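Novice: First, the structure itself, so that you have it in front of you.
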Amino acid sequence: LKIAINDVKPDLVMHLAAESHVDRSIEGPKAFIESNIIGTFNLLQSCLSYYKSSLDYKNNFRFHHISTDEVFGSLGNHGKFNDLTRYDPRSPYSASKAASDHLVNAWYHTYDLPILITNCSNNYGPWQNSEKLIPKIIYNAINNLNIPIYGNGENIRNWLFVEDHGDGLIKVLNQGTVGNKYCIGGKEEKTNNEVVYAICDTLDELIPKENSYSNL
């Protein structure tokens, strides 16, 4: 990793890599500890070594850590998370991401590594992994499989289209202040049930069959 960074000589490193599926973190938390915590540590160390030795790049270099709003816990029926919301992770996944946020912040305060942290809400969009909620609903529905709903389906998520997230990341890179944390979210707060039934209604129109997809 250190060799790769020294060869490329980047002006910035955007750290998006992470294990990110809540259910899998419950079944096997070790992979989340190794990837999200140890992986972040290794990347920080490699970037710090490069930053300290590359005087030509110091003025421009940024380490941008992309995290999740799940580090803040559960959102109720009202209100929004912001960059002052206290950390309250509820799963091995969100706990591992919270830990990585704290590591990045520590490398800024202790070693002066120029960092930015962003916490985004739930992304969706083309080519999303099939384990995520929206593609899983679509896949199961069109294959006439039962549609799984976590709990009672009334937990609320703030949905963010992936290209809007990308625009937000670029804005933070261009205008953000080193050492600061920024929340990136949409204005689409929906329960899982609302998302599921909206997709089923759309499929009823696009690929109609005898019974509604919502029966699944």
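Novice: Which pairs turn up if I take residues in the range 19-36 that are more than 14 Å from Ala99 (Cβ to Cβ) and among the β-branched types (Val, Ile, Thr) and look for partners that are in a helix (DSSP H, G or I) and open to solvent by less than 50 Å² (accessible area, probe 1.4 Å) with beta carbon separation below 6 Å, at least 6 apart in sequence or on another chain?
Specialist: Listed pairs, sorted by first residue: Val22/Tyr93.
Novice: Could you please give the count of residues in the range 73-88 that are over 12 Å from Asn119 (Cβ atoms), open to solvent by 50 Å² or more (accessible area, probe 1.4 Å) and modelled with pLDDT of 80 or more?
Specialist: Residues meeting the conditions: 1.
Novice: Here's another thing I want to ask about it. Quick check on the range 31-40. Is at least one of its residues in a helix (DSSP H, G or I), open to solvent by 90 Å² or more (accessible area, probe 1.4 Å), out of contact with any Phe, Trp or Tyr (no Cβ under 8 Å at 6 or more places or on another chain) and modelled with pLDDT under 90?
Specialist: For the range 31-40, residues in a helix (DSSP H, G or I), open to solvent by 90 Å² or more (accessible area, probe 1.4 Å), out of contact with any Phe, Trp or Tyr (no Cβ under 8 Å at 6 or more places or on another chain) and modelled with pLDDT under 90: absent.
Novice: Follow-up question, since we're still on this one. Against the conditions (1) touching a strand residue (DSSP E or B) at 6+ places or on another chain (Cβ under 8 Å); (2) not in a helix (DSSP H, G or I), where does Trp107 fall short? Just the number, please.
Specialist: Only one criterion is unmet by Trp107, namely (2).
Novice: I would also like to ask the following. What number of residues within the range 136-162 are within 19 Å of Thr202 (Cα to Cα) and open to solvent by 30 Å² or more (accessible area, probe 1.4 Å)?
Specialist: Residues that pass the stated criteria total 11.
Novice: Among (1) assigned to a helix (DSSP H, G or I); (2) of a type in the set (D, E, K, R); (3) open to solvent by less than 50 Å² (accessible area, probe 1.4 Å); (4) under 27 Å from Gly153 (Cβ atoms), where does Arg24 come up short?
Specialist: Result: Arg24 passes all but (3).
Novice: Only one of these is over 20 Å from Gln128 (Cα atoms) and part of a loop (DSSP other than H, G, I, E, B): Gly179, Gly186. Name it.
Specialist: After ruling out the rest, the residue left standing is Gly179.
The values are calculated or read from the model by the stated rules, or taken from the named source; none is laboratory data. Everything numeric in this text was worked out from a predicted model, so none of it was measured. Because the Cβ atoms are built from the backbone with ideal geometry, glycine has one as well, and the counts that use them run over all protein chains shown. Heads up: the accessible areas ignore ligands, DNA and RNA and are worked out on the full protein's heavy atoms, side chains in. Shrake-Rupley method; radii C 1.70, N 1.55, O 1.52, S 1.80 Å.
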